[in-house]
Amino acid sequence: MKLQTVPAARGVLWVRQGFRAFFRYPMAFAALFAASMFTVFVLALLPVVGSLLVLGMLPLVSLAFMVATRVVAEGGRPSATALIEPLRAHRPRVRALLWLALGYAAATFAVVWLSDLVDGGALEALFDASTTAQTSPDAMATRLAAPGLMSGLLLRVGLAGLLAVPFWHAPALVFWDGHGAAQALFSSTLACWRNRGAFVLYSLVWFGLILAFGIAASLVFSLIGAPQLFAVAAVPMSLIFTTVFYASLYFTFADCFVTAESDPAPVPGTA
């Protein structure tokens with residue numbers, strides 16, 4: 001595969017392609033997402049290593065969705081078996097994927113530890129207070145005003161964003177092109193940097209969509225006199241947005257890396 005640079009406007013197209021791929025087979029993508037969440041739930045129940053396995057699985061989940069979306073791009077029908085498809089690759093590639101999984105889990109733990117160190121546990125205390133019905137408004141206000149809370153939150157977001165860059169394309173590069181773990185991380189970082197305009201616009205479009213839905217839904221439910229229904233509607237919509245986001249990941253990869261012979265096939269109707 002070779003790296004290429006695309007115009008910033010491709011960021012908008014990636015989102016559109018994700019929606020089009022999802023709506024061609026919504027139940028198949030929903031089944032894949034449900035299978036992923038069920039696996040995460042089971043792994044989280046394991047003592048000691050459960051959290052590590054859950055974090056390590058995230059790059060493999062993104063790869064599973066890329067595999068499923070590529071099937072759609074090539075005119076096929078995706079299935080939940082895409083979740084185990086990466087583990088059927090040649091042994092060196094599986095080994096590299098496992099190294100990526102371990103590296104991502106370790107790096108995420110480091111981000112959480114450093115952020116907790118900065119905010120002194122303020123964010124965790126805020127979460128605990130928000131889930132307790134007995135927490136008074138004054139107590140919540142005190143938690144929100146805790147020193148270090150905003151610094152820790154900004155650090156979490158910033159470091160999580162930086163961590164996403166090397167791991168964005170890395171699993172796909174290992175699975176489809178046989179990169180080693182270190183080489184894949186470097187190539188992913190380089191691809192994201194060269195196409196930073198498209199990725200910034202891609203992120204802004206997703207942010208805008210989620211914000212627009214929140215505002216529109218809030219207004220609608222307020223007008224009909226049932227603002228409490230907003231939380232009910234937000235759950236399925238958040239699941240749909242998350243699934244579509246994962247479905248769009250393949251297109252970010254397909255545009256940044258192309259084979260020497262030909263470009264990856266687009267979803268029908270997106271050309």
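Quick check on Ala139: is it touching a helix residue (DSSP H, G or I) at 6+ places or on another chain (Cβ under 7 Å), more than 23 Å from Leu13 (Cβ to Cβ), assigned to a helix (DSSP H, G or I) and at pLDDT 90 or above?
Working: touching a helix residue (DSSP H, G or I) at 6+ places or on another chain (Cβ under 7 Å): yes; more than 23 Å from Leu13 (Cβ to Cβ): yes; assigned to a helix (DSSP H, G or I): yes; at pLDDT 90 or above: no.
Answer is no for this residue.
Residue check, Gly161 against (1) closer than 20 Å to Ala101 by Cβ; (2) modelled with pLDDT of 95 or more, all met but one. Which one?
(2)
Say we look at the range 206-237 and pick out the residues that are closer than 27 Å to Asn195 by Cα and without any contact (Cβ under 8 Å) to a residue 40 or more places away in the chain; which of these is surrounded by the most Cβ atoms within 10 Å (Cβ to Cβ)? Spell out the reasoning first.
Within the range 206-237, the subset closer than 27 Å to Asn195 by Cα is 206-212.
Narrowing the set further to residues that are without any contact (Cβ under 8 Å) to a residue 40 or more places away in the chain leaves 207-208, 210-212.
Values: Phe207: 10, Gly208: 11, Ile210: 14, Leu211: 10, Ala212: 10.
Step by step, filter the range 206-237, then rank; the result is Ile210.
So the check is Cβ under 9 Å with 6+ separation or different chains; which pairs have a first residue in the range 167-179 that's within 13 Å of Leu3 (Cβ to Cβ) and a second one that's among the β-branched types (Val, Ile, Thr) and modelled with pLDDT under 95?
As it stands, the answer is Asp177/Thr259, since those pairs meet every condition given.
Select, from Leu60, Leu3, Leu102, Leu87, the only residue that is surrounded by 20 or more Cβ atoms within 10 Å (Cβ to Cβ) and farther than 15 Å from Val244 by Cβ.
Numbers: Leu3 fails: surrounded by 20 or more Cβ atoms within 10 Å (Cβ to Cβ); Leu102 fails: surrounded by 20 or more Cβ atoms within 10 Å (Cβ to Cβ); Leu87 fails: surrounded by 20 or more Cβ atoms within 10 Å (Cβ to Cβ).
It is Leu60.
State whether the residues of the range 74-83 include one that is assigned to a helix (DSSP H, G or I) and within 17 Å of the chain's Cα centre (by Cα).
Yes, that holds for at least one residue.
State all residues of the range 166-201 that are among the charged types (D, E, K, R) and either closer than 19 Å to Val71 by Cα or in contact with a Lys or Arg (Cβ under 7 Å, 6 or more places away or on another chain) (or both); if no residue qualifies, say none.
Passing the criteria: only Asp177.
Which numbered condition trips up Leu211, out of (1) touching a Gly at 6+ places or on another chain (Cβ under 6 Å); (2) under 20 Å from Ile240 (Cβ atoms)?
Checking Leu211 against (1) touching a Gly at 6+ places or on another chain (Cβ under 6 Å); (2) under 20 Å from Ile240 (Cβ atoms), the one that fails is (1).
Has the range 180-195 got any residue that is small (Gly, Ala, Ser), assigned to a helix (DSSP H, G or I) and in contact with a Pro (Cβ under 8 Å, 6 or more places away or on another chain)?
Checked the range 180-195: at least one residue is small (Gly, Ala, Ser), assigned to a helix (DSSP H, G or I) and in contact with a Pro (Cβ under 8 Å, 6 or more places away or on another chain).
Please pick out the residue among Phe199, Phe207, Phe230, Phe221 that is part of a helix (DSSP H, G or I) and under 30 Å from Ile84 (Cβ atoms). Explain how you work it out, then say what you get.
On the way: Phe207 fails: under 30 Å from Ile84 (Cβ atoms); Phe230 fails: under 30 Å from Ile84 (Cβ atoms); Phe221 fails: under 30 Å from Ile84 (Cβ atoms).
Phe199 is the lone residue from the list that is part of a helix (DSSP H, G or I) and under 30 Å from Ile84 (Cβ atoms).
Would you confirm whether any residue within the range 42-50 is assigned to a helix (DSSP H, G or I), in contact (Cβ under 8 Å) with a residue 40 or more places away in the chain and buried (at least 16 other Cβ atoms within 10 Å of the Cβ)? Break it down stepwise before answering.
Looking only at the range 42-50, we keep the residues that are assigned to a helix (DSSP H, G or I), and these are 42-44, 50.
Going one step further and asking which of them are in contact (Cβ under 8 Å) with a residue 40 or more places away in the chain, we end up with none.
Within the range 42-50, not a single residue is assigned to a helix (DSSP H, G or I), in contact (Cβ under 8 Å) with a residue 40 or more places away in the chain and buried (at least 16 other Cβ atoms within 10 Å of the Cβ).
Being modelled with pLDDT of 95 or more, within 30 Å of Val94 (Cα to Cα), in contact with a His (Cβ under 8 Å, 6 or more places away or on another chain) and surrounded by 14 or more Cβ atoms within 10 Å (Cβ to Cβ): is that true of Ala182 here? Spell out how you get there, then give the answer.
Numbers: modelled with pLDDT of 95 or more: yes; within 30 Å of Val94 (Cα to Cα): yes; in contact with a His (Cβ under 8 Å, 6 or more places away or on another chain): no; surrounded by 14 or more Cβ atoms within 10 Å (Cβ to Cβ): yes.
Spelling it out, it is not the case that Ala182 is modelled with pLDDT of 95 or more, within 30 Å of Val94 (Cα to Cα), in contact with a His (Cβ under 8 Å, 6 or more places away or on another chain) and surrounded by 14 or more Cβ atoms within 10 Å (Cβ to Cβ).
The values are calculated or read from the model by the stated rules, or taken from the named source; none is laboratory data. Not measured: the values here are computed from a predicted model. Cβ atoms come from the backbone with ideal geometry, glycine included; neighbour counts cover every protein chain shown.
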